[in-house]
Amino acid sequence: MHWMVYGSFRHFTFGKYQDLPVWAVYVAAPNYIEWCLENVEGFCISDLEELILNNKSGGPDATFYPSSGAAWDFKDAVDEEAFFKLFRDPTSGWDLSTDENKVQFLARKGYDWYVSTYKPILKQHYFFSQKHLDLNWDNLDKAG
């Protein structure tokens, strides 16, 4: 079996997020990572738990999903006013109506920008189900 062990800053080598970093996909389209864990043989993320912990803002009004969920929405996860200031600047030329565009936007802005500008306005966070965390751990163990 071919093992596909990724770290947060490694870029996907396949699929619709090819050439984009894992951290950006996690932030804007985390359900894709769940899909990979379920459907891509040998796929795992070496620092998934760290990625999850590092991306919690932990602010006083932060809410958390108890498990993975269809309720995740990039726009609803941030403060509405801050979202429009950051992402709806008409001069930016970005159409952020798709997860793919959101991931590309974050990747282009960079991780430092994400941590300093976007992460502080997060109100909600995506959590992986225990099933997906277990799939990741099983693949990491098998990959050695």
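Return the total of residues in the range 100-126 being at pLDDT below 75 and either open to solvent by 40 Å² or more (accessible area, probe 1.4 Å) or not aromatic (Phe, Trp, Tyr) (or both). Walk me through it before giving the result.
Of the range 100-126, the ones at pLDDT below 75 are 117-126.
Then drop every residue that is not either open to solvent by 40 Å² or more (accessible area, probe 1.4 Å) or not aromatic (Phe, Trp, Tyr) (or both), which leaves 117, 119-125.
Residues meeting the conditions: 8.
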Would you call Phe14 touching a Pro at 6+ places or on another chain (Cβ under 6 Å), hydrophobic (A, V, I, L, M, F, W, C), modelled with pLDDT of 85 or more and closer than 30 Å to Lys142 by Cβ?
no
I need the full set of residues from the range 1-37 which are open to solvent by less than 70 Å² (accessible area, probe 1.4 Å) and acidic (Asp, Glu), in order please.
Glu34
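For the range 38-56, how many residues meet the condition of being open to solvent by less than 10 Å² (accessible area, probe 1.4 Å) and on the phi < 0 side of the Ramachandran plot? Even if it seems obvious, please write down each step before you answer.
Taking the range 38-56 as the starting set, the residues that turn out to be open to solvent by less than 10 Å² (accessible area, probe 1.4 Å) are 42-45, 48, 51, 55.
Now restrict to residues that are on the phi < 0 side of the Ramachandran plot: 43-45, 48, 51, 55.
Total meeting the criteria: 6.
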Show the residue pairs meeting these rules: Cβ distance below 6 Å; 6+ apart or different chains; first residue within the range 2-25 and aliphatic (A, V, I, L, M); second residue open to solvent by less than 30 Å² (accessible area, probe 1.4 Å) and part of a loop (DSSP other than H, G, I, E, B).
Met4/Gly42; Leu20/Phe12; Val22/Ser8; Val25/Tyr17
Is there any pair linking a residue in the range 100-116 that is within 14 Å of Asn54 (Cα to Cα) to one that is among the aromatic types (Phe, Trp, Tyr) and not in a helix (DSSP H, G or I), with Cβ under 8 Å and at least six apart or on different chains, and which?
Tyr111/Phe9
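The values are calculated or read from the model by the stated rules, or taken from the named source; none is laboratory data. These figures come from a predicted structure and were not determined experimentally. Heads up, the Cβs are rebuilt from the backbone with ideal geometry, glycines too, and the neighbour counts pull from every protein chain shown. Note: areas computed on protein heavy atoms with side chains; ligands, DNA, RNA excluded. Shrake-Rupley method; radii C 1.70, N 1.55, O 1.52, S 1.80 Å.
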